[in-house]
Every structure is written in C-alpha cells, then in structure tokens.
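Novice: Structure incoming, see below.
Each reported figure results from applying straightforward, stated rules to the coordinates on display, with no laboratory input. Predicted model only: the values in this text are computed from it and were never measured. Note that we place each Cβ from the backbone using ideal geometry, even for glycine, and neighbour counts take in every protein chain shown.
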Amino acid sequence: MKFFVSQQHLQEVITYCQHQYPFEACGILSGTFDRNHYIVKRMWKLRNELSSTSRFYVSEQEVEKTFHAIKQLNETILFVFHSHPSAPAVPSYEDVKHHIDPQIGMMIISLANTKPDVQCYTIENDGYKHCDWLTNSS
C-alpha cells in the first residue's frame, strides 16, 4: 500500500514541527483511500502537554475529539506524526511501545540537521519498518 502526501501537507507538517522546536511536536494526518493509494487530506495539530524535547503526550480527550472530527469528514487516520528535535527520524523504543494502532502509520520529522528529514514507518510486533510514501505537487 502506498501513501501520497502533497508537498503542501508535507511542508505544513515540517513548519509546524519547526515552530514547536525545541519541543517535540505531534499531530495526525488524515485522508482517504483511492485506487490502492491512501491520500493525505488534512493535518491535525495536537498539543504536546509535556513540553518536552524528547517525549510527547496528548490527553485522551483531545485525541477523542480529533478522532471524532476526522470521522465526521469520512476520513481515516493515516499517520500519527511527531518530531525528533535532536535525534534521527527513527522510532525510539518508546515510540514503538506507545504507538496507537498498527493500522496507522508513524511519520517522524527529524530537526537534528539544517534540512529536516522525514521518514514514515509501520509499527508492528514491537518493531518497525519503512513504509512506501510519495509526495506530489497538489
């Protein structure tokens, strides 16, 4: 299965993460399924209640409110994203352990270097692997 993330949505995620620096940013990308492809339609910003440089936490109420809004739009949660302000874009043990659902991808944005590094993963069986994703210009 492939995921399409528009250049606009990708830049929106990166900019949001940069604005939250030096703290970890977090959010959700929702979208639809079309002809064997998942297409990102929206970014949902979530507040990191820890204000931490190495962890994030979002209240259950905020998560449920966001999930409900996504369902109202007939969209699906495609990715949970978060930033690594000073670490590589690779899931940590905590990222894998606390991932919400193996059906939902994980996008990590590393801000450790001048150019942000964005990687996507599937999380399953206490491990992770890269997932296929592409950007387009729409």
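Novice: Looking at the range 47-64, can you tell me whether even one residue there is within 11 Å of the chain's Cα centre (by Cα), crowded, with 18+ Cβ neighbours inside 10 Å, of a type outside the set (G, A, S) and within 21 Å of Y128 (Cα to Cα)? Full working, then the answer.
Specialist: Taking the range 47-64 first, the residues within 11 Å of the chain's Cα centre (by Cα) are none.
No, the conditions are met nowhere in the range 47-64.
Novice: OK, next. On the basis of being part of a strand (DSSP E or B), in contact (Cβ under 8 Å) with a residue 60 or more places away in the chain, on the phi < 0 side of the Ramachandran plot and within 11 Å of the chain's Cα centre (by Cα), does L10 make the cut?
Specialist: No, not satisfied.
Novice: I've got another one for you. Which of (1) part of a strand (DSSP E or B); (2) over 20 Å from F23 (Cα atoms) is the odd one out, the single condition V80 does not satisfy?
Specialist: So V80 meets the others, but not (2).
Novice: Those residues that are touching a Gly at 6+ places or on another chain (Cβ under 7 Å), among the hydrophobic types (A, V, I, L, M, F, W, C) and more than 23 Å from E124 (Cα to Cα), I need them from the range 44-96; list them, please.
Specialist: Selection gives W44, L46.
Novice: Just to be sure I understand the filter: pairs with C-beta atoms under 6 Å, separated by 6 or more residues or on different chains, first member in the range 18-41 and closer than 16 Å to C120 by Cα, second member surrounded by fewer than 14 Cβ atoms within 10 Å (Cβ to Cβ) and of a type outside the set (S, T, Y). Which pairs pass?
Specialist: H37/K2
Novice: Still on this structure: Which condition number in (1) among the acidic types (D, E); (2) free of Cβ contacts under 8 Å to residues at least 40 places away in the same chain; (3) surrounded by 13 or more Cβ atoms within 10 Å (Cβ to Cβ) is the one that E75 fails?
Specialist: (2)
Novice: Still on this structure, please answer the following. From the residues in the range 1-32 that are surrounded by 14 or more Cβ atoms within 10 Å (Cβ to Cβ) and among the β-branched types (V, I, T), which one is farthest from I104 (Cα to Cα)?
Specialist: I14
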